[in-house]
Amino acid sequence: MRNEVKKRVALGALIAAVAVSVLMLVLEPVPGGRHYEYALLQSLALVAIGLLYTAAPRTFFGKEVLLSVMLCGLVMGAINLMVLSPKSEIVQTYRTVFEAIESGANPYTSGTIHHEIEDAGTVLGNFNYPPLEIYPYYLAYRVAGTWNITVLTVTILLIQALCCVILFLAFPRIPPAYLLAFVPMILVGELKTNVAMTLLVTALVLWMIKRDAERPREVHGPVIAILFGLGLTTKFLILPLMAAYYAHHIDAKDRRSIAGTAVDVFIALATAVLVMAPFGVVNVIRSTLLFNVVLEDRAVMTTFYPNVLSGPLAWIGLEALYPVAAGALLGLAVLSAPKMSLFTAMVTASIVFLVVAPTPEPQFISPLLFLVVAARCLEQENAELGRRAELVPVPDG
């Protein structure tokens, strides 16, 4: 009964986010704000994710849901392919990043990186994605000998195809037809932005968590920590996933648990520092994390798309409170992790992160969907193993 109440409260909160998004879309109250529909689309997607996560197994793996998910993925993929543009901001941004690197400049301090503000045109500044968002695309650029929308899209597709492979490898006992329904969303659900590395790290972390649950080994902890550390240098969805994971695992009354978690967190942070080091750790943090949480600074370099929290605060002139409010809400979600199952904690932290992020990030729906699918597949496998165990006859005596 208590779980049902919690589910209804959570879904009610997501529906409230939809209502806020609709209100902003109708009134368009934020000076300089653009594309209010992004917040609405993200809120609706989060409601769908919430319904999928809380659905009964028979519903989740039912033909109607699987066909609906597949259809949505195919439609989104077709739309993504149709709107790809050789002049898109991301193509120009990476081109200037590569130019900065090859000229010996630091893209996080060069001031030469391409940004666009709607109705204002091009603005030059520093690169504002973490470093692991450079390496695969720079490698593709060097291999192809050129840089354009085709090279970018093929690179994204290859990385996301690898994520599909990981899904099938991680859950061999789930009928492939079930998993196939989620392939279009994972493969082509997002092509306009570079979320592929975040999706890949998420997939690898979840695969390793599953392996550790099935066959615990000492090495799994450090491997998961290293993956989280790499994920911290992709886009920011890994941050709430990592925080929820370790908050769920730590036992405040057990010194060994505290020490073990501290070591794993140190490994993760050290990994992130090593990846950031070539560009300067402070430079990267200043141009990525700090750039995104200070709304006034962010608006100087990029168009401001109001989100469910940042929009209303900007509306009433309290932008300066945004970092505190966002941090507090995300912190509450993370601190609640020990009271939930691991995957519920990670899903909850991720959803809260998307609601409190400075701008809507529909690009993260595919990693979040992967998380939900992994959770439901693991639940289904465990249930099937439990049923098989019940059928095994117990010898007398």
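The values are calculated or read from the model by the stated rules, or taken from the named source; none is laboratory data. Here the structure is a predicted model, which means the values were calculated and not measured. For neighbour counting, all protein chains shown are included, and Cβ atoms are generated from backbone atoms with ideal geometry for every residue, glycine included.
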When you go through (1) loosely packed, with under 14 Cβ neighbours inside 10 Å; (2) at pLDDT below 95; (3) farther than 30 Å from GLU64 by Cα one by one for THR146, which number turns out not to apply?
(2)
Can you pull out the residues in segment 50-73 that are more than 20 Å from the chain's Cα centre (by Cα), surrounded by fewer than 16 Cβ atoms within 10 Å (Cβ to Cβ) and touching a residue at least 24 places away in the same chain (Cβ under 8 Å)?
PRO57, LEU67
Scan segment 217-248 for residues that are in contact (Cβ under 8 Å) with a residue 60 or more places away in the chain and either hydrophobic (A, V, I, L, M, F, W, C) or farther than 17 Å from VAL195 by Cβ (or both) and jot them down.
LEU230, LEU232, PHE236, LEU237, LEU239, LEU241, ALA243, ALA244, TYR245, ALA247, HIS248
Hey, THR193 surrounded by 15 or more Cβ atoms within 10 Å (Cβ to Cβ) and of a type in the set (Val, Ile, Thr) or not
yes
Residue hits (segment 1-42; among the polar types (S, T, N, Q) and at pLDDT 95 or above) are SER21, GLN42
What single numbered condition from (1) over 17 Å from THR233 (Cα atoms); (2) modelled with pLDDT of 95 or more fails to hold for LEU124?
(2)
In this structure, does SER350 turn out to be closer than 22 Å to TYR129 by Cα and without any contact (Cβ under 8 Å) to a residue 60 or more places away in the chain?
no
Kindly provide the set of residues from segment 82-112 that are more than 21 Å from PHE291 (Cα to Cα), part of a loop (DSSP other than H, G, I, E, B), in contact (Cβ under 8 Å) with a residue 60 or more places away in the chain and not polar (S, T, N, Q), ordered by number.
LEU84, PRO86
Filter segment 249-270 for residues that are without any contact (Cβ under 8 Å) to a residue 24 or more places away in the chain, part of a loop (DSSP other than H, G, I, E, B) and among the aliphatic types (A, V, I, L, M) and give the result.
ALA252
Scanning for something modelled with pLDDT under 90, of a type in the set (A, V, I, L, M, F, W, C), surrounded by 15 or more Cβ atoms within 10 Å (Cβ to Cβ) and over 17 Å from THR202 (Cα atoms), does segment 355-377 turn up at least one residue?
no
